[in-house]
Amino acid sequence: MKRQIKIWLECARLRTLPVSLSGVVLGIGLAVWHHHFKWVPAVLCVLFALLAQVVSNMANEYFDYRRGADKVGRVGPRRGVTEGDISPNTLLRVTLTLLALAGVVGCCLIPYGGWWLLPVGIVIALGALAYSAGPYPLSYHGLGDLAVFIFFGLVPVCLTYYVQALRYHPLVLLASMSIGLMGVNVLIVNNYRDVDDDREAGKRTSVVIFGRRLAGMAYLFNGYIAMSLLSPLWVYCALGLISLSRWSLLVPLLYLVLHTVTWRLLTTREGAALNPLLGATARNMLIFTLLMTIFLVYCA
């Protein structure tokens with residue numbers, strides 16, 4: 001029983017959950033800061049984000065298996081369906097069940113955000129599947145990074161804020177772009193590690209297309225661009241023009257230190273030694289998000 005639970009937890013890829021949680025948590029923090037917080041839609045957004053992430057992870061594992069992109073004894077984390085621990089049909093059924101559950105949770109947001117959320121939810125569901133499935137899987141054609149930027153950056157931050165505030169704010173858009181770039185870095189680490197296997201399987205990720213050297217530079221610059229996008233917030237904070245503690249200026253500095261250290265490790269390691277950096281990159285993203293959210297809530 002314990003072994004089965006472990007297998008399914010590995011299939012859910014818990015290390016990647018900070019990627020989906022970060023955007024929602026920051027969206028909630030911004031809503032609190034602007035005095036628009038509503039706990040019911042906030043909780044629903046958290047549940048939807050977690051379910052969507054797990055669905056995306058499981059769908060990715062299933063369709064990569066079908067396409068032969070994953071091999072037994074792969075360098076990356078163990079894949080249950082590839083190793084024979086989970087039958088493909090069982091994985092597909094669980095994935096579709098969780099997708100349906102995510103749809104139910106998403107529909108519960110309609111009373112708060114309006115009926116236009118229905119087509120948005122459908123697009124999100126299709127995006128979770130289209131990442132690895134369909135006639136033109138995004139991750140196989142160098143579009144995985146763009147998908148992550150949109151669905152784990154722009155969408156969660158902006159939608160989480162909107163269903164509470166029923167309006168937009170320029171800072172929310174900048175924050176969503178910043179989180180999107182951090183999320184892309186998690187994908188870069190994954191594809192950086194798997195570049196040889198992906199090339200052999202015909203999976204043309206951005207790392208396969210541009211090579212490890214450029215991917216490493218993209219990883220570094222993404223972190224610095226993410227912080228520069230929020231420069232209006234840091235400037236206004238330093239000048240005392242907004243209700244945010246000046247101690248919050250330490251948050252981007254801490255993130256950039258952690259980010260730079262992780263980048264150096266990324267460019268000096270290979271194979272299985274890169275696995276911990278996947279979690280470290282997600283950790284950096286979550287640390288930034290949690291600290292910023294704490295300051296936003298405290299200064300609301």
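Laboratory data are not the source of any read-out in this text; all were calculated from the coordinates shown. All of these numbers come straight from a predicted model, not from anything done at the bench. Quick reminder, even Gly has a Cβ in these numbers, built from the backbone with ideal geometry, and neighbours come from all protein chains shown.
Values for this structure:
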{"read-out": "Sequence of His141, His34, His259 once ranked by neighbouring C-beta atoms within 10 Å, starting from the fewest", "value": "His141, His34, His259"}
{"read-out": "Ranking of Cys11, Cys45, Cys158 by count of other Cβ atoms within 10 Å, fewest first", "value": "Cys158, Cys11, Cys45"}
{"read-out": "Computed lengthening from Ser228 to Ile110, 0.36 nm per intervening residue step minus Cα-Cα distance", "value": "39.1 nm"}
{"read-out": "Amide H partners (placed H, <5 Å) of Ala300, local residues excluded", "value": "none"}
{"read-out": "Span-like helix ranges in the chain, DSSP H, alpha carbon extent 30 angstrom or more, Kyte mean at least 0.0", "value": "39-67, 170-193, 275-298"}
{"read-out": "Rg [Å, one decimal], Dmax [Å, integer] - the chain, C-alpha atoms", "value": "19.1, 59"}
{"read-out": "Candidates Ala128, Ala226, Ala201: whichever shows maximal mean-square fluctuation once the chain is modelled as a Gaussian network with Cα springs under 10 Å", "value": "Ala201"}
{"read-out": "Least to most buried among Met285, Met217 (fewest other Cβ within 10 Å first)", "value": "Met217, Met285"}
{"read-out": "Chymotrypsin sites (Phe, Trp or Tyr not before Pro) restricted to DSSP loop in the range 94-181 with at most 12 other C-beta within 10 Å", "value": "Trp115, Trp116, Tyr168"}
{"read-out": "For the chain, built as a Gaussian network whose Cα springs stay under 10 Å, the top-fluctuating residue of Thr267, Thr95, Thr160", "value": "Thr267"}
{"read-out": "The chain: relative contact order in percent, alpha carbon pairs under 8 Å with at least 6 residues between", "value": "26 percent"}
